[in-house]
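Accompanying notes for the structure given below.
Here, each number is a calculation from the coordinates, and none is a lab measurement. This structure is a prediction, so every number in the text was calculated from the model and none was measured. Backbone-built Cβ (ideal geometry, glycine too); neighbour counts: all protein chains shown.
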Amino acid sequence: MSAASVVTIPINGITDWDSFHTVFAEALGFPAFYGRNMDAWIDCLVAADDAASGMVMVAVEPGALLVLRIDAAEDFAARCPEQYQALLECAAFVNFSRREVGEAPVLALLLSGYF
């Protein structure tokens, strides 16, 4: 497996669904046509190792993982529980959907700040 790429998501800018999608779109370079919903979020990240797709500007090499670093995850979970839970579930679904078609997982979450 190739090396992972880590992108720190500035979750302090997330207060609701609109800001969730803005923060992720900016941090990962989603395309202008990004639908700003969790289905579109999944669609973008499923292609995280396909630079030619243009779905993320921080694409990783095939076989590598894109690691989303979430600092102060405990605070984020308390402040925005819906968005936090969706992040966990949809990140898992990205990898599940890739496995369903015989592809390797492409996404990992690094949740820091739990003590």
> Once the piece of chain linking T22 and N37 is laid out straight, how much longer is it, given 0.36 nm per residue of separation minus the C-alpha distance between them?
Replying inline: 4.3 nm
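Grab the Cα-Cα distance for T8 and V58, subtract it from 0.36 nm times how many residues apart they are, and report the gain in nm with one decimal.
16.8 nm
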> By how many nm would the segment from T15 to A92 grow when fully extended, if each residue of separation counts as 0.36 nm and the alpha-carbon distance is taken off?
Replying inline: 25.5 nm
> Residues with amide H under 5 Å of V6's amide H, sequence separation 5 or more or different chain, H placed in the peptide plane at 1.01 Å from N; which?
Replying inline: V67
>> Roughly how far apart, in whole Å, are the Cα centres of segment 22-72 and segment 96-115?
In response: 13 Å
> Given charges of +1 on the Cβ of Lys and Arg and -1 on the Cβ of Asp and Glu, with all other atoms neutral, how large is the dipole of the chain about its Cα centre, in debye to the nearest 20?
Replying inline: 140 debye
